[in-house]
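Step one of this worksheet: look at the structure below.
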Amino acid sequence: MESPQNVQSLPIDIQTSKLLDWLVDRRHCNLKWQGAVMDIREKIKAAIQDMPENEEIKELLSGSYIHYFHCLRIVEILKGTEASSKNIFGRYSSQRMKDWQDIISNYEADNVYLVEVASLLSRNVSYEGPALRKQVAKAQQLQQELSRREVDCQNSAADLRVRYYTACKQYGITGENVARELQALVKDLPTVLGEVGRDAAKLEEQIQLYTAFTNFVCEWSEPVLPMLTFVQKRGDATFYEWRTGEVPAVIERPVIEEAPADTITEETIDWGDLGSGTESQEVNFGITVEDGVDWGISLDSEDPGAGGIDWGESGTAPIEIEVVDVGTDCPDGVAKGEDALTILETPQLRSQFIDELMELEVFLSQRLTEMKEEADVVAMSQFQLAPIVIQDQTRQHVEKMQAVVRDLLVRLTTLRMQHLFMIQASPRYVERVSEMLRQKLKQADILVLKRATQAEKRQEAFEEQARLEPRVDLLARSTRKLQKLIEEDISKRYNNRPVNIMGVNV
């Protein structure tokens, strides 16, 4: 059996969650303590309405909850401020002092003060502390999330700008003024196509080989590669020369009306008076072609062949328009309108030129493959009767001829050239491209604004965290102080045995 001295040294350990039950079980307070606390709170509320000017009292009353130990300190302060109201019997006539002394008496009855601060301690540990920590953690998590979103917006905006300038590079423009730069590209198109036409003169040997091979193998009597042959001899001649076989004396090229340089914007581009399209081919520069032009005007339904146009005016006779063949309204030797365009500027003829280039390139590729397999005597005997132009070819020479054909083909079929042809064929294409590119920049600007918004929200979350953290520290200090006061009070009740309130963590 342990001696009383040993028992006196044993600590009393009390879990915070069990503190209230422990006080009630050991008869330190009764079960009706909450009603007594409510009466005391009403008296405190009335007493604080009339307090002397004192900085320490103001600080005590600024707290969110005034408990018994605060009241003790207030009474000590009032002993100095209300000393003049003390009578010969040592009592105070001041109503302020009487009110606070009465509050302390009510607190000490049935140890209400002890159970109240114990309840306050449990609430801080179980509810107030976790709630504040949760808010701080939420603010920190929100900052991290918003920071990640900022980076995503910044990266996405940068990616859109890179894609914008990459697309501009594909179109062959800088991107400073998309519509004007796209429109300006068309001016360089005749020069580029003229260079291709001049370089087509190098195709003479290839065309001769293909013609000889075709005639030898198939006994083909029709002209082979007529468009390539024409361009190889005459270059990128006019459509008039291709159509009539004569060089025009005068060439009147169609003119595209442009807005002044300082008024051209991505929203407004003046392409002049251009046509809207044809049934068999797209019309360039608004020139009529033999297949007819759809001007968006309906013919008279009663007599489709009359050529009349219903202008929507009642009571007036339809106006008759005589449709003539291309070039018949022009003097001989004058190329104007579509006749003034070159072969490679005319979509249909350009497509034929490219098709024949591809045909020639495929032939040379197939011929190279066959020449690799013609080592045996049987294969060699097949070409004993072939023309000299076929027998004298070597693989190295055919590869050089193929390289020339591929170079011309690549120069006409690059993505940039495709865009140039589209711009030439349709002014609306410029609007579509400009709008598509403009959308990329617009989305990038939206993401930049969104990033700024995320930064503002992150700053708000940071300020919220900065506001909450002092409250957490204050709650932790006040809770540790309450813990110490409760431990000292209980220790006095058990002959100063050490008391430990466990689980106090805010």
So for R0 = 45 Å, FRET eff. of A158-E59 from the Cβ-Cβ r, to 0.05, ends up at 0.25
Once phi is turned into θ = phi - 60°, what whole-Hz ³J(HN,Hα) does the Karplus curve with 6.51, -1.76 and 1.60 give for every residue of the range 48-56, x standing for Gly and Pro?
6, 6, 10, 10, x, 6, 8, 5, 5
Quote the convex hull volume per residue of the range 70-221, based on C-alpha atoms, as a whole number of Å³.
313
Counting only DSSP loop positions in the range 193-225, the chymotrypsin sites (Phe, Trp or Tyr not before Pro) whose Cβ has at most 15 other Cβ atoms within 10 Å are W220
Backbone HN-Hα couplings from phi across the range 194-211 [Karplus 6.51/-1.76/1.60, Hz, Gly and Pro as x]
x, 5, 5, x, 5, 6, 5, 4, 6, 8, 4, 5, 5, 5, 4, 4, 5, 5
Kindly identify the range 361-505 as rounded, prolate or oblate by the Cα gyration tensor criterion: order the square roots of the eigenvalues as a ≥ b ≥ c, call it rounded if a/c is under 1.5, otherwise compare a/b with b/c, prolate if a/b is larger, else oblate.
oblate
Under the 7 Å Cα-to-Cβ spin-label approximation, E42 and L415 lie apart by a distance in nanometres of 8.3
What is the distance in Å between the Cα centres of the range 167-181 and the range 439-506?
55
Nearest-0.05 FRET efficiency for S351 and A452, computed from C-beta distance (R0 45 Å)
0.35
Post the alpha-carbon centroid distance, the range 184-213 to the range 114-148, in whole angstrom.
80
Packing-ranked peptide list from 387-397, 418-428, highest mean Cβ count within 10 angstrom first, is 418-428, 387-397
Say the dipole of the range 394-470 comes from +1 at the beta carbon of Lys and Arg and -1 at that of Asp and Glu; which of L468, M417, Q443 then lies farthest toward its positive end?
M417
Distance-filtered residues of the range 161-195 - backbone nitrogen under 14 Å, label point 7 angstrom along D445 Cα→Cβ
161, 177-178
If amide H atoms are built 1.01 Å from N in the plane of the peptide, which residues on other chains or at least 5 residues away come under 5 Å of the amide H of I12?
V499, N500
Of the listed peptides 114-123, 438-447, 197-206, what is their order by residue-averaged count of other C-beta atoms within 10 Å, with the highest listed first?
114-123, 197-206, 438-447
Kindly rank 54-61, 404-411 from highest to lowest mean number of other beta carbons found within 10 Å of each residue.
404-411, 54-61
Candidate lysines - alpha carbon under 18 Å from K202, same-chain residues fewer than 8 apart omitted
K233, K400
Just subtract the alpha-carbon distance of A109 and F462 from 0.36 nm times their residue separation and send over the number in nm, one decimal.
122.4 nm
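Since every read-out is calculated from the coordinates, none of them should be taken as a lab result. Given the structure is predicted, the values throughout are model-derived calculations rather than measurements. Quick reminder, even Gly has a Cβ in these numbers, built from the backbone with ideal geometry, and neighbours come from all protein chains shown.
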